[in-house]
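Reading through the structure tokens given below for one structure.
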Amino acid sequence: MAEEQQTGGPADSPGRRIWATGHWGPTEPEEHPAVIAVRERFPDSFVDAVNFRDEMTIRVDRPALREIVLFLRDESSLRYNFLSDLTAVDMLRLRDNPRFDVVVQLYSIPRRQRLRVKAAFNDGDPVPSMTLLYEGANWLEREAYDMFGIVFEGHPDLRRMLLPDDWDEGHPLRKDYPLRGYREYVQPGFENPAPRVRSRFRRP
Amino acid sequence: MSLEISQGTPVEISEERALTDSRRQMVLNMGPQHPSTHGVLRVILTMEGETIVGCDPVLGYLHRGVEKLGETHRYSQFVPWTDRTDYVAAPSNNLGYILAVERLCGIEAPERATYWRMIMGELARLASHLVWLGTHALDIGALSMSLYCFRERELILDIFETFCGARLTTNMMEMGGFSRPIPDNLPGMVRDFCNIFPEKQVEYESLLSANPIWLSRTRGVGVIEPDAAISMSLTGACLRGSGINYDVRKATPYLYYDRMDFEVPLGTRGDVYDRYLVRMEEMRQSISIIEQCLDQMPTDGPLSLTESPYVIPPHDSVMKTAEDMQRHFIWVIKGFSPPKGEVYQAIEHSKGELGYYVVSDGTPIPYRVRLRTPDFVNLQSLPYMAQGAALADVVALIGTIDIVLGSVDR
Amino acid sequence: MGIEDRFEKSILTTSVDSVFNWARRSSLWWLQFGLACCAIEMISAAMPRFDISERFGMLYRASPRQADLMIVSGTVTKKMAPVVRQLYDQMAEPKWVISMGSCANIGGPFDTYAVVQGVDQVIPVDVYVPGCPPLPEALYYGVLELQNKVIRYDTIARKQSVDEAEAFREQSRAEAQAELGPRR
Ligand code: SF4
């Protein structure tokens, strides 16, 4: 039972799926126009291209991330002119080095195609900011800074977004940060509260 | 009538300072407890007289750590939290997450369940737009709108309640379909609602569309240029009000939206009034989609997958066969493990593109769950729109973006 | 400056109290203040189908200074907690608090780094309404329970208990300081 689950579920039936819509371009990396173009234009920075469930992911080197996204945005045959999402993943439990991935989801409104660009980097490395290319990256990058402590180079206004300005317990979406944080809320004036009943159910 | 909110709004003058030149700037703090910020949004405005020269939204008063919760619970356990991100359109959030995980696992719900998912998603869109219309009109001064809108919203909540027992936080979808049967009277209730609602919508429009106060408060206010809208990654009515045709249901169809016949309404001027018109037209299209679903839908058939290891086995076979009993036990105790990989599933939420980015490392717990919520990104346009606007327009601008703080802050 | 500052407990104050309490019970004005999902149910409760305002003489006010009742409807985060406390402090005595929903009661489903596990760590609560979210009918029940409490309100005793609470606060602060040393 468990082995069957590990190796991936039932055989995929052919035909259109309700979630897989073919809007990520050709499924073979060799045929995908964006992959071909990026590989030709940036041979040194292109790492690889992966396809999973029809979704095309291009992995690139961190320093060239901004140039590559600019190229994808402005090249007349690609025109990925819409930034769907920008976020990060802490890869601490999956690999040793480098620690983070920054994930950029692009969409092309005229061509109706999506693309994902990823770049790996270590804690403390500056990541080129996308705010010069897409204004919408502003808050997304602030959020990534708040949650992961990633420094975006060239961001106009990098400060805490969701947590309080004086939050001093680190960056909560890092994998080494516990779900419940390090401290309980203490009301000023009641510095030694009685422990909550709930803490009996604390997970390891 | 005793519902009066205009008096005593706690806008406080927090700081006042004179500049070196003759102009005087004032910093005005609005929120986090303010009746027309739709929750706990706080906006710090810099004013020159009545004109806004700086606007800095402060978020996070409802940041609850939903993404962290997603990383520490099993795939099927996370569904209830998706309800609580955008709580006025909970079924849409369920839908986005469930579609993302189904895509990760490579399974697909049966046809009948898919149609019901579409119906529930469209009903959620209607409920959300009704809350938006009521509160937006209330902020601008049309108090009675909210009474009418919430009256019709109760009919939608009745449908949800009949189906899954909850009014607001529905938690109605399961991996591979629905875990509950469809009650016999549900199609009739949905049809009744589709018959009632268009008349009511005419009523709303007769109250607002040609109302001189409404027009002067919304026409030419908060204009977003098309290029700026794309650059700021706006989605939903904020983008379509500026005339850009991007609706996830048409552009990258999911479920059976490619079988549906519907229009994507577009605005021309990109102001508050156009976004109002776009949303009103969207409601009409939603009703037509629901009717088409009811017509095309097979009347019986399975509501959930049964064979897949990713889906909880149906109740009667658990009671009858040993294998299903074991499978059920493992599913409940251990969860299911999708293959390694990552997916990004976008759906058209009532507020725009709702994306779920799920990374799996082959264990029963997601490695990363990311919610790309539409209103978080759309709210970025508030400083852009507020620049140069009058103070009284800020409530109209906040209302037109259609934010729900649970989904902005997550 | 109310009767509590002028008199000790006597026949006069109790009968004045009973008149006042009847009036207070029948016109609880609540602070219009929504935090999360429960706020939507609270608004539904005030809207035509449930109509809590007209049935109980309740009226929502946007300013804490005009409100008698605070319905904490939703998740109280660590960022929001000082604001909730400040709003509570701004309300005029006598004041009551209904904690609506599991989040305000005990943290609800959000047992995370950002959420205060129960609003009673921030402000005193009179009535807890369970549910996620509670149905409007459940909020009714909470309001009825609160009305039963309001009718027994005793001005002099309340004043004494407020003084006691202040003294307890001072004492626990002193104890904490003795234990931990001065605050950094
Ligand atoms: S108790 Fe439930 S419905 Fe209420 S605020 Fe908390 S999560 Fe939302």
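The values are calculated or read from the model by the stated rules, or taken from the named source; none is laboratory data. Everything numeric in this text was worked out from a predicted model, so none of it was measured. Positions of Cβ are backbone-derived with ideal geometry, glycine not excepted, and every protein chain shown enters the neighbour counts. SASA here: full protein model, heavy atoms, side chains in, ligands and nucleic acids out. Shrake-Rupley method; radii C 1.70, N 1.55, O 1.52, S 1.80 Å.
Could you list the trypsin sites (Lys or Arg not before Pro) in region C:84-178 that lie in coil according to DSSP, counting only those with at most 13 other Cβ atoms within 10 Å of their Cβ? Filter output for region C:84-178: C:ARG152. For region A:28-76, the direction-averaged projected area of the alpha-carbon convex hull comes to 3.4 nm². Within region A:132-178, the trypsin sites (Lys or Arg not before Pro) that combine a DSSP coil assignment with at most 10 other C-beta atoms in a 10 angstrom radius are A:ARG159. Whole-Hz Karplus values for region C:88-104 come out as 5, 5, 6, 6, 7, 5, x, 9, 10, 10, 10, 9, 9, x, 4, 4, 6 Hz, taken residue by residue from phi with 6.51 cos²θ - 1.76 cosθ + 1.60 and θ = phi - 60°; glycine and proline positions read x.
If R0 is 45 Å, the Cβ-Cβ spacing of A:ASP44 and A:LYS175 corresponds to a FRET efficiency of close to 0.90.
Dividing the convex hull volume of the alpha carbon atoms of region A:2-153 by its residue count gives 142 Å³ per residue. With a 1.4 Å probe and every protein chain kept in, tell me what percent of the accessible surface of region B:227-379 is carbon plus sulfur. It is 56 percent, rounded to a whole number. Rounded to whole numbers, the Karplus 3J(HN,Hα) couplings from phi for region C:51-60 are 6, 5, 5, 6, 6, 10, x, 9, 9, 8 Hz, using 6.51 cos²θ - 1.76 cosθ + 1.60 with θ = phi - 60°, and x at Gly and Pro. For a paramagnetic label modelled on A:ASP61 (point 7 Å from Cα along Cα→Cβ), amide N atoms under 20 Å away belong, within region A:92-132, to A:97-104, A:117-130. Residues whose amide H lies under 5 Å from that of A:PHE52, counting only those 5 or more places away or on a different chain, are A:THR57; hydrogens are built 1.01 Å from N in the peptide plane.
Averaged across orientations, what area in nm² does the convex hull of the alpha carbons in region B:127-179 project?
Numbers: hull surface 16.0 nm².
Dividing the Cα hull surface by four gives the mean projection, 4.0 nm².
All C-alpha to C-alpha distances of chain B, sorted into 10 Å bins beginning at zero, yield P(r) values of 5, 21, 30, 24, 13, 5, 2, 0, 0 percent in whole numbers.
To the nearest 100 Å², how much accessible surface do chains A and C cover up together, summed over both, with a 1.4 Å probe? Can you show the working numbers first?
Working: alone 13390 and 11030 Å², together 22290 Å².
Interface between A and C: roughly 2100 Å².
Across peptide B:332-341, the mean count of Cβ atoms from other chains lying within 10 Å of each residue's own Cβ comes to 4. Here the protein assembly as shown is treated as an ellipsoid with the same Cα gyration tensor; its semi-axes, largest first and in whole Å, are 43, 30, 30.
I need the GluC sites (Glu not before Pro) found in region B:18-116, filtered to DSSP loop residues with at most 13 other beta carbons within 10 Å of theirs.
Working: sites: B:GLU48, B:GLU50, B:GLU67, B:GLU71, B:GLU102, B:GLU108, B:GLU111; in loops: B:GLU50, B:GLU108.
Hits after loop and neighbour filter: B:GLU50.
The long axis of helix B:143-164 is offset from the longest Cα principal axis of chain B by roughly 10 degrees. Note on C:SER26: accessible area is roughly 50 Å² with a 1.4 Å probe, heavy atoms of protein only. The solvent-accessible area of A:TRP139, taken with every protein chain present and a 1.4 Å probe, is close to 20 Å².
To the nearest 0.05, how large is the calculated FRET efficiency for C:ASP163 and A:ARG95 if R₀ is 60 Å and r is the Cβ-Cβ distance?
With R0 = 60 Å, the Cβ-Cβ based efficiency is 0.45.
Translational diffusion of region C:50-151, estimated by Stokes-Einstein from the Kirkwood radius over alpha carbon pairs at 10 °C in a medium of 1.306 mPa s, is 114 µm² per second. Consider a paramagnetic label point 7 Å from the Cα of A:GLU30 along Cα→Cβ; state which residues of region A:53-90 have an amide N under 20 Å from it. Taking a point 7 Å out along Cα→Cβ of A:GLU30, the residues of region A:53-90 whose backbone N falls under 20 Å are A:53-59. Phi angles of region A:123-134 translate, via the Karplus equation with coefficients 6.51, -1.76, 1.60 and θ = phi - 60°, into HN-Hα couplings of 4, x, 5, x, 9, x, 7, 8, 4, 6, 8, 10 Hz per residue; Gly and Pro are given as x.
Considering only protein heavy atoms, what per residue accessible area in square angstrom results for chain B with a 1.4 angstrom probe? Kindly include the intermediate steps, with their values, before the conclusion.
Details: 12760 Å² over 410 residues.
Accessible surface, normalised per residue, equals 31 Å².
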